[in-house]
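Could you have a look at this structure, given as C-alpha coordinates, before my questions?
The values are calculated or read from the model by the stated rules, or taken from the named source; none is laboratory data. Worth saying up front: this structure is predicted, and the values here are computed from it rather than measured. No Cβ is skipped: glycine too gets one built from the backbone with ideal geometry, and neighbour counts run over all protein chains shown.
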(Lines give C-alpha, C1' and ligand atoms only; values in the text may rest on other atoms or scores of the structure.)
Protein backbone atom coordinates (compact mmCIF):
# COMPACT_ATOMS: atom_id res chain seq x y z
CA UNK A 1 0.00 0.00 0.00
CA UNK A 2 2.85 2.38 0.79
CA UNK A 3 4.35 1.88 -2.68
CA UNK A 4 0.92 2.48 -4.27
CA UNK A 5 0.47 5.78 -2.42
CA UNK A 6 4.00 6.91 -3.33
CA UNK A 7 3.30 6.10 -6.98
CA UNK A 8 0.02 8.02 -6.92
CA UNK A 9 1.69 11.08 -5.39
CA UNK A 10 4.01 11.28 -8.40
CA UNK A 11 1.19 11.28 -10.98
CA UNK A 12 -0.33 14.72 -11.55
CA UNK A 13 -2.99 13.94 -14.18
CA UNK A 14 -6.23 12.83 -12.49
CA UNK A 15 -7.30 10.53 -15.33
CA UNK A 16 -4.05 8.58 -15.22
CA UNK A 17 -3.99 8.60 -11.43
CA UNK A 18 -7.54 7.19 -11.35
CA UNK A 19 -6.75 4.35 -13.76
CA UNK A 20 -3.44 3.56 -12.07
CA UNK A 21 -4.92 3.72 -8.58
CA UNK A 22 -7.93 1.59 -9.45
CA UNK A 23 -5.93 -1.05 -11.27
CA UNK A 24 -3.09 -1.26 -8.75
CA UNK A 25 -5.43 -1.36 -5.77
CA UNK A 26 -7.59 -4.14 -7.18
CA UNK A 27 -4.45 -6.00 -8.33
CA UNK A 28 -2.85 -6.06 -4.87
CA UNK A 29 -6.23 -6.95 -3.33
CA UNK A 30 -5.35 -5.91 0.24
CA UNK A 31 -8.67 -6.77 1.94
CA UNK A 32 -10.65 -9.98 2.35
CA UNK A 33 -13.78 -8.31 0.95
CA UNK A 34 -14.70 -5.00 -0.67
CA UNK A 35 -11.63 -4.46 -2.85
CA UNK A 36 -13.72 -3.70 -5.94
CA UNK A 37 -15.93 -1.23 -4.10
CA UNK A 38 -12.95 0.52 -2.53
CA UNK A 39 -11.11 0.52 -5.88
CA UNK A 40 -14.07 2.13 -7.64
CA UNK A 41 -14.44 4.66 -4.81
CA UNK A 42 -10.74 5.58 -5.08
CA UNK A 43 -11.06 5.91 -8.85
CA UNK A 44 -14.08 8.19 -8.52
CA UNK A 45 -12.56 10.41 -5.84
CA UNK A 46 -9.43 10.87 -7.96
CA UNK A 47 -11.54 11.76 -11.01
CA UNK A 48 -13.84 14.05 -9.02
CA UNK A 49 -10.84 15.87 -7.56
CA UNK A 50 -10.15 17.18 -11.06
CA UNK A 51 -13.77 17.96 -11.97
CA UNK A 52 -14.69 14.74 -13.77
CA UNK A 53 -18.11 13.15 -13.31
CA UNK A 54 -18.61 10.17 -11.01
CA UNK A 55 -18.34 6.87 -12.92
CA UNK A 56 -20.96 4.21 -12.27
CA UNK A 57 -20.53 0.70 -13.62
CA UNK A 58 -24.01 -0.80 -14.10
CA UNK A 59 -24.56 -4.34 -12.86
CA UNK A 60 -25.48 -5.31 -16.42
CA UNK A 61 -21.92 -4.41 -17.54
CA UNK A 62 -20.10 -6.01 -14.58
CA UNK A 63 -18.78 -8.92 -16.68
CA UNK A 64 -17.39 -6.50 -19.26
CA UNK A 65 -15.75 -4.43 -16.48
CA UNK A 66 -14.22 -7.53 -14.87
CA UNK A 67 -12.93 -8.76 -18.25
CA UNK A 68 -11.29 -5.38 -18.87
CA UNK A 69 -9.55 -5.55 -15.49
CA UNK A 70 -8.36 -9.07 -16.28
CA UNK A 71 -6.99 -8.01 -19.70
CA UNK A 72 -5.16 -5.10 -18.04
CA UNK A 73 -3.48 -7.43 -15.56
CA UNK A 74 -1.93 -9.68 -18.23
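Determine if region 56-67 includes at least one residue that is touching a helix residue (DSSP H, G or I) at 6+ places or on another chain (Cβ under 7 Å) and modelled with pLDDT under 85. Outline the logic, then answer.
Initial filter on region 56-67 (touching a helix residue (DSSP H, G or I) at 6+ places or on another chain (Cβ under 7 Å)): 57.
Filter again for modelled with pLDDT under 85, leaving none.
Among the residues of region 56-67, not one is touching a helix residue (DSSP H, G or I) at 6+ places or on another chain (Cβ under 7 Å) and modelled with pLDDT under 85, which makes the answer no.
Could you list, ordered by first residue, the pairs with Cβ atoms under 8 Å in which the first is in region 4-16 and free of Cβ contacts under 8 Å to residues at least 12 places away in the same chain and the second is surrounded by 12 or more Cβ atoms within 10 Å (Cβ to Cβ) and in a helix (DSSP H, G or I), at least 6 apart or interchain?
Taking only residues 6 or more apart or on different chains, the pairs are 11/17; 11/20.
Please count how many residues of region 43-61 are under 15 Å from residue 22 (Cβ atoms) and surrounded by 10 or more Cβ atoms within 10 Å (Cβ to Cβ). Quick ask: steps written out before the conclusion?
From region 43-61, those under 15 Å from residue 22 (Cβ atoms) are 43-50, 52, 54-57; that's our starting set.
Restricting the remaining residues to those that are surrounded by 10 or more Cβ atoms within 10 Å (Cβ to Cβ) gives 43-50, 52, 54-55, 57.
Count: 12.
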